[in-house]
1. What single numbered condition from (1) buried (at least 22 other Cβ atoms within 10 Å of the Cβ); (2) without any contact (Cβ under 8 Å) to a residue 60 or more places away in the chain fails to hold for residue 108?
2. Is it true that some residue in the stretch 373-381 is basic (Lys, Arg), closer than 18 Å to residue 317 by Cα and in contact with a Ser or Thr (Cβ under 9 Å, 6 or more places away or on another chain)?
3. Consider the stretch 331-375. How many of its residues are small (Gly, Ala, Ser), at pLDDT below 95 and under 30 Å from residue 24 (Cβ atoms)?
4. Give the residue, chosen from 304, 293, that is under 24 Å from residue 224 (Cβ atoms), surrounded by fewer than 14 Cβ atoms within 10 Å (Cβ to Cβ) and hydroxyl-bearing (Ser, Thr, Tyr).
5. Residues that are over 26 Å from the mean Cα position of the chain (by Cα), at least 2 per element: which strands (runs of 3 or more DSSP E) completely within the stretch 239-353 meet that?
6. Within the stretch 141-175, which residues are within 13 Å of the ligand (Cβ to nearest atom), outside any loop (DSSP other than H, G, I, E, B) and of a type in the set (S, T, N, Q)?
7. In the stretch 20-52, what residues are in a loop (DSSP other than H, G, I, E, B) and farther than 30 Å from residue 339 by Cα?
8. Buried (at least 22 other Cβ atoms within 10 Å of the Cβ), farther than 17 Å from residue 208 by Cα and not hydrophobic (A, V, I, L, M, F, W, C), is that true of residue 259?
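The values are calculated or read from the model by the stated rules, or taken from the named source; none is laboratory data. Just so you know, these numbers come straight off a predicted model, no measurement behind them. Here the Cβ positions follow ideal geometry from the backbone for every residue, glycine too, while neighbour counts run over all protein chains shown.
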Amino acid sequence: MTAAQTPEEFAKAWDESHISDKPASDVRHEDLKVYLGKLKELGLKVEEAGRSYGDREIYQVEWGKGPFKVFLWSQMHGDEPTATPALIDLFAFLETNREKIVWVGEMHNRLTIRAVPMLNPDGAEVFQRRNLQWIDINRDARSLKTPEGQLLKRLVDEFFPDVGFNLHNQQELTTAGRSFNQATISLLAVNGRPDNSTYPGYERNKRICAEIVRALENFIPGHIAQYSDSYNSQAFGDNISAWGSPVILIETGGYHGKGEDFLIRLNFIAFLTALRTMVEGRMEGADPEAYNSLPPNSSGRIFSLVIRNAEIVIPGKADKPYIADIGINRERRRAQFIPPVYVREIGDLSNRKGLEEVDASAYFVVPKEGSLRSGTLGSFMFYKKSREVKWDSENLEKDFPPDGIYLFGQWIKPLE
Ligand SMILES: [Zn+2]
């Protein structure tokens with residue numbers, strides 16, 4: 001293995017050494033246990049730190065024996081899984097290379113890294129944000145009514161880390177500023193003070209974030225944004241920062257055309273870059289500009305699919321066709337499930353974009369559900385305008401087979 005110094009080499013290291021072997025969204029608690037078993041075999045310290053409301057084990061992994069303390073936790077929202085396998089791959093890389101790569105050995109001497117991969121195993125099991133009490137753990141930092149929140153608080157209190165990493169996923173249609181680029185990674189140095197006044201750990205975290213930005217720009221230029229920094233008095237990120245362990249929030253979004261592996265790999269590169277910054281002494285010297293100048297997260301600018309210039313025919317109202325664009329969004333589901341697809345906007349979408357776009361100006365477009373409004377299923381039949389179609393036909397699809405069909409987020413019959 002090379003000495004892995006550059007972001008490209010970190011990427012190569014992930015390609016060659018990662019032990020996660022399925023899409024992050026398909027990783028359940030049982031799969032996590034398999035991953036953790038592999039870490040134990042490598043020699044890592046893996047301990048049960050507590051139990052979830054549903055009595056599932058929550059684990060903490062530890063590596064290193066240095067004075068500077070780093071704490072990371074993932075998947076406190078059960079349906080936000082990307083960072084969990086990335087943490088597993090990170091620890092596998094570090095332990096495997098502790099004696100092979102000089103700077104990894106140095107990191108082992110200078111840092112103590114603890115991580116909780118999958119803080120919310122019950123939510124992960126059913127792929128929902130909340131825990132089994134239906135409480136959002138990330139709004140439980142003060143009230144501490146969830147066993148998962150209580151555990152997180154205890155682990156932070158016991159360890160009192162110098163820096164924390166709060167690892168989440170955001171909507172894949174989040175965009176970077178005024179562009180139509182998906183925000184594949186959004187970062188936030190979490191201030192944690194209601195008045196947003198600055199302090200050294202906060203400024204240091206901005207510099208760490210800037211190093212992450214510079215590393216990731218090699219892979220996703222224009223697709224990195226800054227998460228909204230609005231203070232939330234119930235959130236863990238804000239409170240852990242306020243308790244004296246300044247937090248960096250990493251939110252993983254989507255990247256059209258790339259699978260979940262691509263996102264795990266970006267997380268791995270981000271973590272390794274941040275840790276490398278800490279042992280290299282660049283925490284003090286780095287220029288925060290790359291972070292400060294990030295465009296803010298924005299939403300509502302893109303759709304999963306935009307059907308342009310559709311001449312819409314509603315069965316029963318075929319005498320009143322109208323031309324409009326249709327914006328359709330795919331919901332987030334496990335990789336192994338077909339995601340539901342809903343209509344989200346109808347009208348002039350000339351100032352919006354679709355990750356996928358089709359020009360339907362040569363077609364009549366019929367919603368399969370029979371009606372069309374925001375919230376109806378995004379499934380459509382397409383008929384060439386040159387065809388004679390009896391729209392009031394009893395079984396339209398059977399009597400007049402469509403020239404194109406979009407169903408369950410897929411082109412069952414593509415347009416020519
Ligand atoms: Zn989240």
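1. For residue 108, the failing item is (1).
2. No, every residue in the stretch 373-381 fails to be basic (Lys, Arg), closer than 18 Å to residue 317 by Cα and in contact with a Ser or Thr (Cβ under 9 Å, 6 or more places away or on another chain).
3. Count: 1.
4. Going through 304, 293 in turn, just one is under 24 Å from residue 224 (Cβ atoms), surrounded by fewer than 14 Cβ atoms within 10 Å (Cβ to Cβ) and hydroxyl-bearing (Ser, Thr, Tyr): 293.
5. Those strands (runs of 3 or more DSSP E) span 302-312, 322-330, 341-347.
6. 166, 169
7. 43, 44
8. When the stated conditions are applied, residue 259 does not pass them.
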